[in-house]
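Enquirer: Have a look at this one before I ask anything.
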Amino acid sequence: MRIAYVHKRWSLQGGTERHLVGIATWMAANGHEVHVFANRREAELPKGIVFHKIPILRLGSTARILSLAYFADRRVRPADFDVVQGFGKTIRHDVFRAGGGVHQAYLERVFGARARLMAWLPKHWAQLSIERRTFGHGNFRRIIANSDMAKAEILRFYPRVPAEKMVVIRNGVDLERFHPRRRDEVRRRIRGSLGVPPEAPLALFVGTGFARKGLDTLLAALQALGSAAPALAVAGKDEGAGGPGAGTMSGRARFLGSRSDVEDLYAAADLFVFPTRYDPSANVCLEALASGLPVVTTTANGAAEILEEGVTGSVVPPDDPQALAASIRFFLENRRFDAARPACRAAAERHSIDANARATLELYEDVVREKKGGG
């Protein structure tokens, strides 16, 4: 099968990017001809994958968003491939993976009453324009949602999307890269670099865009916990100017900046806390589970659907530092995070890259049959 993947970049930084690398690598390793169309290549290409550069206009975020969609539409001809899959900000594809969810839902959840006003800002206007063309004009044969929450939001904001054209395929995780065995290999070294004693509780936050991911809520929760608060490692960067840089410390929080060794950070931590204001299904939660960490997240995260309350994690409302503090305290008491490790790993093993890829390949085969039948 000739498969084309379209996204803004080929990289190991970012949840959608890591998913793209995983699925493309699996398809190539299983004998399919894989082509990747992107503007940037920031990681090595495995054998069997051909990279095609898509130009963009670098005149600000709005121009970048619109020009990527424009040039991708002209460089990638669905007729030249058995299946074309888009990963966001593209307008013509056979399969669209809505890994970023619905931008209208994002604005509503993050900005509340100001959502309509924010929608007129050029950056958001551009994303909404592309989104409406994707969902509203039916430029797809199938839509992949990565959670029930994401599927429901697409159908709520775009009721013209046929429900039978949608399928939920949950994210897959690299069960070898993210594994509890790494604790023995790197835990002491990483904690030493962070200045955290070997047995001191350590919470971890991983994400880019601190406002959307709710880092302020987490810092408020730690303040509410007082002397009982764990140390906190923050990996990622803020999208706005003036955010804390790598090496910065604030109270119990250590800001590490973007890291390529996130698997080592999971191995060094005891608890993963991700109080996001909007995520269709955050990959980092699955990575944490695979590493043996219980996950504390919010009802605004589709990944919450795979958690068992009080066993593999806890789910709280967004913007509620007191509820977040209570859930953190629960897992700190009697080091419940240690007892949770086997159940967390078992939960992740049900969502491997292999399981995700096989479900995706079945969907591709349905699309190919439909295209050959003229449907």
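The values are calculated or read from the model by the stated rules, or taken from the named source; none is laboratory data. The model shown is predicted, which means the values in this text are computed figures rather than measured ones. Cβ sites come from the backbone with ideal geometry, for glycine too, and all protein chains shown count toward neighbours. Note: accessible area is taken over every heavy atom of the protein model, side chains too, but ligands, DNA and RNA are not part of it. Shrake-Rupley method; radii C 1.70, N 1.55, O 1.52, S 1.80 Å.
Enquirer: So for segment 25-47 (the condition being closer than 30 Å to Leu286 by Cα, of a type in the set (Phe, Trp, Tyr) and touching a Leu at 6+ places or on another chain (Cβ under 6 Å)), does at least one residue qualify?
Expert: No, segment 25-47 contains no residue that is closer than 30 Å to Leu286 by Cα, of a type in the set (Phe, Trp, Tyr) and touching a Leu at 6+ places or on another chain (Cβ under 6 Å).
Enquirer: Against the conditions (1) open to solvent by 10 Å² or more (accessible area, probe 1.4 Å); (2) touching a strand residue (DSSP E or B) at 6+ places or on another chain (Cβ under 7 Å), where does Glu308 fall short? Just the number, please.
Expert: (2)
Enquirer: If you take the residues of segment 264-281 that are touching a Ser or Thr at 6+ places or on another chain (Cβ under 7 Å) and not in a loop (DSSP other than H, G, I, E, B), which of them is surrounded by the most Cβ atoms within 10 Å (Cβ to Cβ)?
Expert: We begin by selecting, within segment 264-281, every residue touching a Ser or Thr at 6+ places or on another chain (Cβ under 7 Å); these are 266-267, 274-276, 280-281.
Imposing the further condition that a residue be not in a loop (DSSP other than H, G, I, E, B) reduces the set to 266-267, 274.
Details: Tyr266: 28, Ala267: 25, Phe274: 25.
Filtering segment 264-281 for residues that are touching a Ser or Thr at 6+ places or on another chain (Cβ under 7 Å) and not in a loop (DSSP other than H, G, I, E, B), the one surrounded by the most Cβ atoms within 10 Å (Cβ to Cβ) comes out as Tyr266.
Okay, residues lined up against (1) in a loop (DSSP other than H, G, I, E, B); (2) closer than 23 Å to Gly214 by Cβ; (3) of a type in the set (A, V, I, L, M, F, W, C):
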{"site": "Val296", "(1), (2), (3)": "no, yes, yes"}
{"site": "Arg329", "(1), (2), (3)": "no, yes, no"}
{"site": "Phe337", "(1), (2), (3)": "no, yes, yes"}
{"site": "Ala343", "(1), (2), (3)": "no, no, yes"}
{"site": "Leu363", "(1), (2), (3)": "no, no, yes"}
{"site": "Asp366", "(1), (2), (3)": "no, no, no"}
{"site": "Lys371", "(1), (2), (3)": "no, no, no"}
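Enquirer: Just for segment 132-152: of the residues that are farther than 19 Å from Thr90 by Cβ and either assigned to a loop (DSSP other than H, G, I, E, B) or touching a helix residue (DSSP H, G or I) at 6+ places or on another chain (Cβ under 7 Å) (or both), which one is least open to solvent (accessible area, probe 1.4 Å)?
Expert: Checking each candidate, the answer is Ser147.
Enquirer: Oh, and also: Restricting to segment 109-131, give me the number of residues that are in contact (Cβ under 8 Å) with a residue 24 or more places away in the chain and not small (Gly, Ala, Ser).
Expert: Total satisfying the criteria: 9.
Enquirer: Scan segment 47-74 and report the pairs whose first residue is farther than 14 Å from Ala126 by Cα and whose second residue is surrounded by 19 or more Cβ atoms within 10 Å (Cβ to Cβ) and among the charged types (D, E, K, R), with Cβ atoms within less than 7 Å and a gap of 6+ or a chain change.
Expert: Asp73/Arg92
Enquirer: Hey, another quick one. Confirm whether Leu363 is in contact (Cβ under 8 Å) with a residue 60 or more places away in the chain, within 24 Å of Val102 (Cα to Cα) and open to solvent by less than 30 Å² (accessible area, probe 1.4 Å).
Expert: Yes.
Enquirer: Another question, if that's okay. Tell me which residues, restricted to segment 214-227, are open to solvent by less than 30 Å² (accessible area, probe 1.4 Å), touching a helix residue (DSSP H, G or I) at 6+ places or on another chain (Cβ under 9 Å) and in a helix (DSSP H, G or I). Quick ask: steps written out before the conclusion?
Expert: Taking segment 214-227 and keeping what is open to solvent by less than 30 Å² (accessible area, probe 1.4 Å), we get 214-215, 217-218, 221-222, 225.
Now restrict to residues that are touching a helix residue (DSSP H, G or I) at 6+ places or on another chain (Cβ under 9 Å): 214, 217-218, 221-222, 225.
Listed by number, the residues that qualify are Thr217, Leu218, Ala221, Leu222, Leu225.
Enquirer: Continuing with this model, one more query. Pick out the one residue from Asn30, Asn39 that is at pLDDT 90 or above and either of a type outside the set (A, V, I, L, M, F, W, C) or surrounded by fewer than 16 Cβ atoms within 10 Å (Cβ to Cβ) (or both).
Expert: Result: Asn30 is the single residue among Asn30, Asn39 that is at pLDDT 90 or above and either of a type outside the set (A, V, I, L, M, F, W, C) or surrounded by fewer than 16 Cβ atoms within 10 Å (Cβ to Cβ) (or both).
Enquirer: Could you check, for segment 25-43, whether at least one of its residues is part of a loop (DSSP other than H, G, I, E, B), out of contact with any Pro (no Cβ under 6 Å at 6 or more places or on another chain) and closer than 28 Å to Phe205 by Cα?
Expert: Yes, that holds for at least one residue.
Enquirer: Being assigned to a helix (DSSP H, G or I) and either within 19 Å of the chain's Cα centre (by Cα) or within 19 Å of Gly214 (Cβ to Cβ) (or both) is the filter here; which residues of segment 345-354 pass it?
Expert: Just the residues of segment 345-354 that are assigned to a helix (DSSP H, G or I), to begin with: 345-349, 353-354.
Scanning segment 345-354 gives Arg345, Ala347, Ala348, Glu349, Ile353, Asp354.
Residue-wise test of (1) hydroxyl-bearing (Ser, Thr, Tyr); (2) part of a helix (DSSP H, G or I); (3) open to solvent by 30 Å² or more (accessible area, probe 1.4 Å); (4) farther than 18 Å from Val36 by Cβ.
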position	(1), (2), (3), (4)
Pro46	no, no, yes, no
Ile56	no, no, yes, no
Thr62	yes, yes, yes, yes
Tyr70	yes, yes, yes, yes
Arg74	no, yes, yes, no
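Enquirer: Can you say whether Asp320 is in contact (Cβ under 8 Å) with a residue 60 or more places away in the chain and over 17 Å from the mean Cα position of the chain (by Cα), as far as the supplied structure shows?
Expert: yes
Enquirer: Shifting gears a bit: Assess whether Arg9 counts as being within 29 Å of Val284 (Cβ to Cβ) and either of a type in the set (Phe, Trp, Tyr) or surrounded by 20 or more Cβ atoms within 10 Å (Cβ to Cβ) (or both).
Expert: Judged against the criteria, Arg9 is not a match.
Enquirer: Quick one: what pairs do we get from segment 82-95, first residue closer than 14 Å to Ile65 by Cβ and of a type in the set (S, T, N, Q), second assigned to a strand (DSSP E or B) and open to solvent by less than 10 Å² (accessible area, probe 1.4 Å), C-beta under 8 Å, 6+ apart or different chains?
Expert: If the second residue must be assigned to a strand (DSSP E or B) and open to solvent by less than 10 Å² (accessible area, probe 1.4 Å), the pairs left are Thr90/Val6.
Enquirer: Now a separate question. Does at least one position in segment 321-339 carry a residue that is open to solvent by less than 10 Å² (accessible area, probe 1.4 Å), of a type in the set (Gly, Ala, Ser) and on the phi > 0 side of the Ramachandran plot?
Expert: No.
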